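The values are calculated or read from the model by the stated rules, or taken from the named source; none is laboratory data. None of the values given here were measured: they were computed from a predicted structure. In this analysis, Cβ positions are derived from the backbone assuming ideal geometry, glycine residues included, and neighbour counts consider all displayed protein chains. For accessibility, only protein heavy atoms count, side chains too; no ligands or nucleic acids. Shrake-Rupley method; radii C 1.70, N 1.55, O 1.52, S 1.80 Å.
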Amino acid sequence: MLIIWYPYIVAENPGIGSREAISLSRNMMRGHKWQCFVFELSFFGWNILELMTLGISAVLYSSPYKTAVFCEYYTQLRKEAKDRQIKHADLLNDRYLFETAGEREIEQAYGDVIPVLKQTRNFKDSRTGIGRFLSDYFGVILVNSNAYQQYEQYQSEQIRLQDLAGAVQKISYPGRLSNFPEHTKRRKIQTLHYMRNYTIWSLIMIYFILSFIGWVWEVSLHLISDGTFVNRGVLHGPWLPIYGVGSILILTLLHKMRSRPVAEFFSAVVLCGCVEYFTSVFLETVHHGQKWWDYSGYFLNIQGRVCAEGLLVFGLGGIAIVYFLAPIIDNQIQKLKPKLLVILCILLLGTFLTDQIYSSKHPNAGKGITDYSRTEDHIQAN
């Protein structure tokens, strides 16, 4: 409890040392320990609700609500600390987190942006035909021509201007008025813009990378819980197709949802739930009733094929993929030479197809794969 404000202090002043931040947090808490304890205790009901809903209520409401309330509490203690002039209180110097910048300050910092925002830019979209349809509705690029590169650049510029417009209109934090340089951090954030389109080759690579990450996730869970290495999944290679398929479907079918994170979350839950359910039905039909996972006994399960816990993980994972993982992976893929990228994709597809053909006759099965206890407390996917 003594260092409860450490992350808030560091966020306000990234240049502060750890000792100074901890010391300042302790000084701010003097005379407020019991008050803070009672304050945290007031969230007991929300914590119970989070447990009862497997964290869903936290994602949808209570977590951001508690964060907002603690921010207000920090603001109160911060003001008191500065009024009392406690030690290191002068390091709490990011005033624009708590005050609105004046017109003159905004004009001086964003003088080059204001005229641009007032202008209406007429962008000539050169994309045509089926390619434009796939780009607009599924975020897929068949051929990365100049027309699509210009469109991507235009989209990136619009996102940057929207961010700057918020600062100019005083509805978001004015990064240019920060005590610490923002341009480097902003550049990194902009390169992760999530409203991008993906080429066919990028989607193939993303499919295999996330299938491998899913395999590592499943293997690690079994290794931690049972202490043994088990090659998860129907296939013999280091990949779990359900993760790759779910990821690609989220990036393409839910392309129009990206600007609405809440809708993206619920859509990912429904989409991935359907993928897991019907994959289970297909595998059991093809392999004469053999099961690779069974959620019987789990909370809110449907015929043991899907459960609330798994759906929540799918929703959160989908959000991470859309807004973080896929853009990072795509940035790295774009650094590869086109010929090398094509060769890698062909090799991976060839190896994967070979595994599929072999596994259709000799599926990966056995202890820890298809012969497992239904009381396992981790998710097992194909």
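Computed from Cα positions, the angle between helix 18-29 and the longest principal axis of the chain comes to roughly 70 degrees.
Ligands, DNA and RNA left out, the accessible area of region 202-323 computed with a 1.4 Å probe is 74% carbon and sulfur.
In this view, the solvent-accessible surface of Asp112, computed with a 1.4 Å probe and all protein chains in place, comes to about 100 Å². Over every Cα atom in region 136-277, the radius of gyration and the widest Cα-Cα span, Dmax, amount to 19.4, 57 Å. In Å³ and rounded to a whole number, note down the convex hull volume per residue for the Cα atoms of region 55-113. Convex hull of Cα atoms, per residue: 141 Å³. With each label modelled as a point 7 angstrom along the Cα→C-beta vector, the Leu142-Glu20 pair spans 5.9 nm.
Accessible area per residue for the chain is 57 Å², calculated with a 1.4 Å probe on protein heavy atoms, without ligands, DNA or RNA. Checking every one of the chymotrypsin sites (Phe, Trp or Tyr not before Pro) in region 290-370 against DSSP loop status and a limit of 13 other Cβ atoms within 10 Å picks out Phe299. P(r) tail, region 231-382: Cα-Cα pairs separated by more than 20 Å, 56% of all pairs.
Judged by the ratio a/c of the largest to the smallest principal axis of the C-alpha gyration tensor, region 27-170 counts as oblate, that ratio being 1.5 or greater while a/b is no larger than b/c. For the chain, the relative contact order comes to 16 percent (Cα pairs under 8 Å, sequence separation of at least 6). Rounded to whole Å, the principal axis extents of the Cα atoms in region 193-287 read 42, 28, 25, largest first.
For the residue pairs Lys66/Lys87; Lys256/Lys335; Lys256/Lys337; Lys124/Lys339; Lys118/Lys339, the C-alpha atoms sit more than 32 angstrom apart in Lys118/Lys339.
Stretched out straight at 0.36 nm per residue, the stretch from Ile328 to Phe39 would grow longer than its current Cα-Cα span by 100.1 nm. Can you give the local net charge around Asn364? Use residues other than it whose beta-carbon is closer than 10 angstrom to its beta-carbon, Lys and Arg +1, Asp and Glu -1. Surrounding charge for Asn364 is 0.
Here Phe212 and Asn93 are evaluated by their C-beta separation; at R0 = 30 Å the FRET efficiency comes out at 0.10.
Computed over the Cα atoms of region 1-85, the ratio of the radius of gyration to the Kirkwood radius (Rg/Rh) comes to 1.03.
With distances taken between every two different alpha-carbon atoms, the chain has a Kirkwood hydrodynamic radius of 24.7 Å. Between Gln290 and Arg132, how high is the FRET efficiency from 1/(1 + (r/R0)^6) when r is the Cβ-Cβ distance and R₀ = 56 Å? Nearest 0.05. In this case the efficiency is close to 0.80.
The length gained on full extension between His32 and Ile159, counted as 0.36 nm times the residue separation minus their Cα-Cα distance, comes to 41.5 nm.
Sorting Ser267, Ser360 by accessible area puts them as Ser360, Ser267; the probe is 1.4 Å, largest comes first, and only protein heavy atoms count. Ligands, DNA and RNA left out, the 1.4 Å accessible surface of region 46-146 is 55% carbon and sulfur atoms.
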